[in-house]
Amino acid sequence: MTEPLDLYAALRYKEFNVFLLVRFAMVFAWSMQFIVIEWQVYSLTKDPLSLGIIGLMEIIPAVGIALFAGHFVDQNEKRNLLVKCILGFSVISLGLFLVTLPSVETSYSSRSILYLIYALVFLGGLVRAFIGPTIFSLIALIVPKPIYPNAATWSSSTWQVASVLGPAFAGFSISWIGVHWSLCVIFGSSVLALLFLFQISKKPILNPKLGEPIFQSLKDGLKFVFHTKAVFGALTLDMIAVLFGGAVALLPIYAQDILKVGSEGFGILRAAPAVGAAITMVLSTRFPLHRNAGKKLLWAVFGFGVCILVFGLSKLFWLSVIALFVSGAVDGVSMIIRQTILQLKTPDNMRGRVASVNSIFVGSSNELGAFESGLTAKLMGTVTAVVFGGCMTLFTVGLTALVSPSFRRLDLSEDIREHKKE
């Protein structure tokens with residue numbers, strides 16, 4: 001007989017609630033900032049490749065120092081490290097606010113402003129390399145192990161809700177107060193996150209190998225990921241799907257040139273996937289996804305590919321919104337399963353390094369996918385590029401299902417039972 005679930009187990013810890021406020025404020029700011037930048041860059045250039053370059057500017061530093069960042073996170077106290085990350089983001093958002101000052105726009109050419117935006121996005125990639133592993137590690141220090149799956153679900157749900165509101169508000173904000181003052185709102189949100197964060201106490205460093213040589217540390221982290229089939233399989237599948245299904249990077253083109261719905265329609269399109277994912281997150285607190293996790297993950301990514309195909313071919317605004325909404329819902333399934341695998345199977349002393357590898361496989365594939373989408377749109381045309389990405393996603397799912405029967409049989413029920421015994 002299935003034991004009753006405590007849907008609010010993680011929320012019974014005060015610091016976890018504060019953590020959720022910090023995460024909400026940061027994700028809201030970050031997702032809103034990315035949308036505002038996309039809109040501004042495409043307005044300056046009218047070139048789809050320029051949208052891809054935004055992703056490239058963030059992925060170069062994020063991937064380049066990701067493993068080093070994971071080692072650094074495992075060797076240092078997590079709360080203060082997150083404080084430094086948020087301070088770094090605040091400086092970048094302030095820089096973007098200053099770059100879009102009317103006096104700057106009249107004094108410098110569009111190309112110069114574009115290069116300044118790219119430079120600040122590049123610095124944001126450096127911050128991102130540290131912030132992901134730090135957040136992943138901090139969760140495990142706030143709640144006990146038996147609560148990890150529930151905490152991962154609530155944390156992911158908060159991420160998705162903020163991802164809904166950030167892009168949606170960005171679209172309306174651009175229309176109401178313009179790009180410049182929208183960036184001021186982003187800066188204020190990051191400062192708010194910083195104030196919340198100081199309500200969380202410093203945490204102990206659980207790494208027994210403090211001072212370990214960096215190359216040995218990185219070798220151990222990579223070895224764990226590549227030798228743990230559930231972790232490696234989930235990350236690989238999600239990485240390739242996101243890489244070739246990065247249609248959201250081309251939304252400014254769809255909003256302005258294909259669907260012709262303006263900035264407000266752009267905000268709705270950009271928020272639709274996150275709305276679907278947020279609903280999935282809420283439902284998952286009542287209907288856990290750990291049973292038959294491998295099959296569910298494969299079907300979720302397959303559904304994502306189908307949605308990308310529908311979106312790419314659609315000329316109707318409402319159909320495009322529905323396709324993006326469903327793509328977000330099935331992507332939410334993928335995210336929950338992946339986060340549950342990582343939380344359950346990662347040792348405390350390796351969380352920073354494993355989260356860094358995750359950021360390379362999945363997080364950074366969003367930006368690489370944005371570059372791939374921008375490049376293929378430049379070469380093939382926008383609609384053809386999106387359809388190509390959807391087809392490649394479906395091909396990846398089929399190939400994974402054929403060559404990895406052990407992944408199809410993946411079930412996390414036993415892992416959860418073992419953690420509850422601790």
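The values are calculated or read from the model by the stated rules, or taken from the named source; none is laboratory data. All figures in this text were calculated on a predicted structure; none of them were measured in a lab. Backbone-built Cβ (ideal geometry, glycine too); neighbour counts: all protein chains shown. When the accessible area is computed, the model is the full protein with side chains, heavy atoms only, and any ligands, DNA or RNA have been set aside. Shrake-Rupley method; radii C 1.70, N 1.55, O 1.52, S 1.80 Å.
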Failed item, numbered, when Leu243 is tested on (1) without any contact (Cβ under 8 Å) to a residue 24 or more places away in the chain; (2) within 22 Å of the chain's Cα centre (by Cα): (1)
Some residue of segment 269-290 being in contact with a Pro (Cβ under 6 Å, 6 or more places away or on another chain), open to solvent by less than 20 Å² (accessible area, probe 1.4 Å) and not hydroxyl-bearing (Ser, Thr, Tyr): yes
Within segment 1-80, helices (runs of 4 or more DSSP H) holding 3 or more residues that are over 25 Å from Ile360 (Cβ atoms): 14-45
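Is it the case that some residue within segment 283-306 is under 29 Å from Val41 (Cβ atoms) and in contact with a helix residue (DSSP H, G or I) (Cβ under 9 Å, 6 or more places away or on another chain)?
Looking through segment 283-306, at least one residue is under 29 Å from Val41 (Cβ atoms) and in contact with a helix residue (DSSP H, G or I) (Cβ under 9 Å, 6 or more places away or on another chain).
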Matching residues, segment 307-350, being more than 17 Å from the chain's Cα centre (by Cα), under 17 Å from Gly221 (Cα atoms) and either not in a helix (DSSP H, G or I) or not polar (S, T, N, Q) (or both): Leu344, Lys345, Thr346, Pro347, Asp348, Met350
Residue within segment 101-113 that is of a type outside the set (S, T, N, Q), assigned to a helix (DSSP H, G or I) and within 20 Å of the chain's Cα centre (by Cα) present: no
Output for segment 101-135, where each listed residue is in contact with a His (Cβ under 9 Å, 6 or more places away or on another chain) and either free of Cβ contacts under 8 Å to residues at least 40 places away in the same chain or not hydrophobic (A, V, I, L, M, F, W, C) (or both): Pro102, Glu105
Residue match in segment 23-40 (condition: surrounded by fewer than 20 Cβ atoms within 10 Å (Cβ to Cβ) and either over 12 Å from Ala249 (Cα atoms) or in contact (Cβ under 8 Å) with a residue 24 or more places away in the chain (or both)): no
Filter pass, Phe266 being modelled with pLDDT of 80 or more, in contact with a Pro (Cβ under 7 Å, 6 or more places away or on another chain) and crowded, with 24+ Cβ neighbours inside 10 Å: yes
Lone unmet requirement of (1) surrounded by 22 or more Cβ atoms within 10 Å (Cβ to Cβ); (2) polar (S, T, N, Q); (3) more than 30 Å from Arg111 (Cβ to Cβ) for Ser93: (3)
